[in-house]
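The values are calculated or read from the model by the stated rules, or taken from the named source; none is laboratory data. Worth saying up front: this structure is predicted, and the values here are computed from it rather than measured. Note: ideal-geometry Cβ built from the backbone for every residue, glycine included; neighbour counts use all protein chains shown. Calculation scope for accessible area: heavy atoms of the full protein, side chains included, ligands and nucleic acids excluded. Shrake-Rupley method; radii C 1.70, N 1.55, O 1.52, S 1.80 Å.
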There are 2 protein chains.
Amino acid sequence: MQKKRVTLADVARLAGLSPTAASMILTGRHDTRLSAEAHAKVHAAATSLGYRPNVAARALRTDRSRSIAFISDYVATTRFASGLIRGALAAAEEAKHVMLLLETGGEPARELQAVEAALDRQVDGLIFAAMRAREVFVPPLSGNVPVVMLNGTSARFPAAVLPDEYEGGRTAVRLLAETGITDSIVLLGHNPADEKGLFRSQSIARRLAGIRDAMAAHGLGFDAELSCWNWEPNHGYDLTKGLLRKRRPKAILCLNDRLAFGAYQALGEAGLTIPGDVSLVSFDNDELASYLRPGLTTISLPHEAMGRRAVQMLLEGQPGQEELITMPTVLRGSLIAPTQPDAVQKLSSTV
Amino acid sequence: MQKKRVTLADVARLAGLSPTAASMILTGRHDTRLSAEAHAKVHAAATSLGYRPNVAARALRTDRSRSIAFISDYVATTRFASGLIRGALAAAEEAKHVMLLLETGGEPARELQAVEAALDRQVDGLIFAAMRAREVFVPPLSGNVPVVMLNGTSARFPAAVLPDEYEGGRTAVRLLAETGITDSIVLLGHNPADEKGLFRSQSIARRLAGIRDAMAAHGLGFDAELSCWNWEPNHGYDLTKGLLRKRRPKAILCLNDRLAFGAYQALGEAGLTIPGDVSLVSFDNDELASYLRPGLTTISLPHEAMGRRAVQMLLEGQPGQEELITMPTVLRGSLIAPTQPDAVQKLSSTV
DNA sequence: ATCCCCTGCTAAAACCATTTAGCAATTGCC
DNA sequence: GGCAATTGCTAAATGGTTTTAGCAGGGGAT
């Protein structure tokens, strides 16, 4: 445990060269004309002293800090957050950057504070993450830091990473179609008539569009469409319970796994088996989905991949494009065996 | 959007004073002899220019950066992480600090890198968080940054924040005892005979100690003790299924909510009702617990409170003590109504 | 009138790395 | 041999803040 940190000057002194030379060599500039011998001496000195550059000093001089800020409305209220954060963190680590985590609760005042705190620390880029995809308020930024939106959009910043919900919606329907079921299909979570004027996030809108387009394309229709504001297990339970009093569905397309969980409970109480009596497909690949019996087949939200991609975009120059990440299919036991088994093989994936 | 950042010198110039004066006034030192008029002028100048101190410059000079590092083995593999992070983040924000998040996967090489990355950035403190409580390897630290262990321990760093598992274990048993059930109680998740020599984390050891002490204190004994290595839903399911072939328990004490979830599934399939036929108590207050029907009564892991406390300890001077955070009881519907209803009122809590 | 203290402020150093401008010595060219 | 270009390196400025040391001027005590 040494008294003081070792500085570049110490390294230079030990190498018998100037700090200038040491700096150039250690930062790996190749436009320099320093001798191979000088390189060797400096590197030797640096490792022998255990030199670590002082990031504050470097940031002061260069205005970059090898750090990025991940500014999120909620960090852990939803399990989605974790995946985004994890992916971002991994990509940051690979790029030898460090990640500041900031939470705003979606409150403009805290958003502003978060941005300022980040900017004060000379971050090299900002990620604005939204836990439920939406148009995000981004406070005005002084300077010109690159910004990437994650799971949300902003008019001012076109660079965004989003799940490919439209394709995901289509895939869910295709899985259903491939079981050979053609009637008594129920949509759990949305009914356009009931939800006139209700705001659903852009992601969900796309998910629904994919579903409806694919249903039409396969010549299928819903026997019933049940809506509720929050997609929580108890709503899935109540809606399914109500449904079962009148009808006996063959398949339920659930708009998320939590609704599906509720449906499982109601079906179980009614003595119906999955997938024998009723098949289910769902969305998100919530942790829940793997716990259920049988496992729930679901179109997963690729949070980790999204987080990774956002950081990569941020760090590889001026980002400007919206990018869609495909939602992988996770096949488990909640769908009856397809009529054409090989059709499903193609899109199979692991847990 | 101004071309350059406003510096302290700009503020001083506008106020007609020296940077020294401006610095002293803005950092709020009271040992100074600057006039009230000077204070007013500097503050006015600072706000009118929108001055924000350059953290890098300040860190360079003072060796503190108003930032802390949260170094965790896993950030989101487990839902526990989120709570710890959230709590820590909230406390950091209150203290006007910023939080670096680093993940090590428990690999020494990455731990070392994480520590170095943090120290390079002059963090004011380090939190080492473990997702499953354990003795944590902490790489040697140069300098003397304060360190707090979170949900884990380290011989070298006595300051630690842990859940009060012993009391939690006792509480779970007390809840059970208060239902009036005196026999046919099963422990799900641990059997000392089967687990000789198996490593269980210190937390779990304390939880078990609390349970066993309280059982003895209430004059109760377990009818069966079932063990499994991983406490996942499918194990809970399998063990309970096996159990039901031989016995018919009145109560199951589950060592975590995931085991309890599996037990719910097995009990449901066997046509037994909760809590009518079988009562359950569990630990952790996993998200799951609130989804189950009936809701699962559980002794919760106070992750958010732990995260908060860790940051507070870190920031309020030299931390040295181990601190236990009580595990709140969450009463839901999985226990039959107690014989002495008022006894439970006292420890009731909300979801 | 001298000395001392107090008030209110400032000059300049320090923190540590990067970068611009440029110096001294050698080589290349005719 | 004379001149330019190249090679291999360094001095010094720079970034923005904090902090140490100290200055100028006024007042009080003696």
Pairwise FRET efficiency - A:T27 versus B:S18, Cβ, R0 = 30 Å, nearest 0.05: 0.30
With each run of n ≥ 4 DSSP H residues scored as -39500 (n - 2.57), what mean residue ellipticity at 222 nm is computed for chain A after dividing by its residue count and rounding to the nearest 500 deg cm²/dmol? -13000 deg cm²/dmol
What dipole magnitude, in Debye to the nearest 20, does chain A give about its Cα centre under +1 on Lys/Arg Cβ and -1 on Asp/Glu Cβ? 1040 debye
Can you send over the carbon and sulfur percentage of the accessible area for region B:62-157, probe radius 1.4 Å, protein chains only? 54 percent
Going by a ≥ b ≥ c, the root eigenvalues of the Cα gyration tensor, does the protein assembly as shown fall in the rounded group (a/c under 1.5), the prolate group (a/b larger than b/c) or the oblate group? prolate
For region B:278-334, with +1 on Lys and Arg beta carbons and -1 on Asp and Glu, the positive-most of B:V330, B:S279, B:Q312 along the dipole: B:S279
Would you list the membrane-span-like helices of chain A, meaning whole DSSP H runs whose alpha-carbon atoms span at least 15 Å along their axis and whose mean Kyte-Doolittle value is at least -1.0? A:36-49, A:79-94, A:108-120, A:165-178, A:202-217, A:257-269, A:303-315
Segment A:D223-A:R245, extension gain: residue separation times 0.36 nm, minus the distance between their alpha carbons: 6.5 nm
Taking each residue of A:261-270 in turn, how many C-beta atoms of other protein chains fall within 10 Å of its C-beta, and what is the average? 2
What does the structure give for B:93-105 when I average, per residue, the other chain Cβ atoms found within 10 Å of the residue Cβ? 4
If amide hydrogens are placed 1.01 Å from N in the peptide plane, which non-local residues have theirs closer than 5 Å to the one on A:S279? A:A251, A:I252
Going by the alpha-carbon gyration tensor, a ≥ b ≥ c the square roots of its eigenvalues, is region B:1-59 rounded (a/c under 1.5) or, if a/c is not under 1.5, prolate (a/b greater than b/c) versus oblate? oblate
With r defined as the distance between the Cβ atoms of A:N230 and B:T62 and R0 fixed at 45 Å, what FRET efficiency is calculated, to the nearest 0.05? 0.40
Sorted shortest first, the nm distances from the A:G180 label point (7 Å along Cα→Cβ) to its counterparts in the other copies are 5.5
Label distances, nm, A:E195 versus same residue in remaining copies, Cβ-directed 7 Å point: 4.5
Give, rounded to the nearest 20 debye, the magnitude of the charge dipole that region B:190-247 has about its Cα centre when Lys and Arg contribute +1 at Cβ and Asp and Glu contribute -1 at Cβ. 60 debye
Taking the highest mean first, how do the peptides A:297-305, A:45-53 order by number of other beta carbon atoms within 10 angstrom per residue? A:297-305, A:45-53
Candidates B:A38, B:A214, B:A130; GNM for chain B (alpha-carbon contacts under 10 Å) flags as most fluctuating B:A38
Given R₀ = 35 Å, what would the calculated FRET efficiency be for B:A36 paired with A:N144, taking r from the Cβ atoms and rounding to 0.05? 0.35
Using a label point 7 Å beyond Cα on the Cα-Cβ vector, give me the inter-copy distances for B:R29 in nanometres, one decimal, shortest first. 3.6
Would you be so kind as to identify which of B:I71, B:A45, B:G106 lies farthest towards the positive end of the dipole of region B:19-162, taking Lys and Arg as +1 and Asp and Glu as -1 on Cβ and the Cα centre as origin? B:A45
Give the relative contact order (percent, whole number) for chain B; include only Cα pairs under 8 Å separated by 6+ residues. 17 percent
Quick shape check on region B:62-157: root eigenvalues a ≥ b ≥ c of the Cα gyration tensor, a/c under 1.5 is rounded, otherwise prolate if a/b tops b/c, else oblate, and it reads oblate
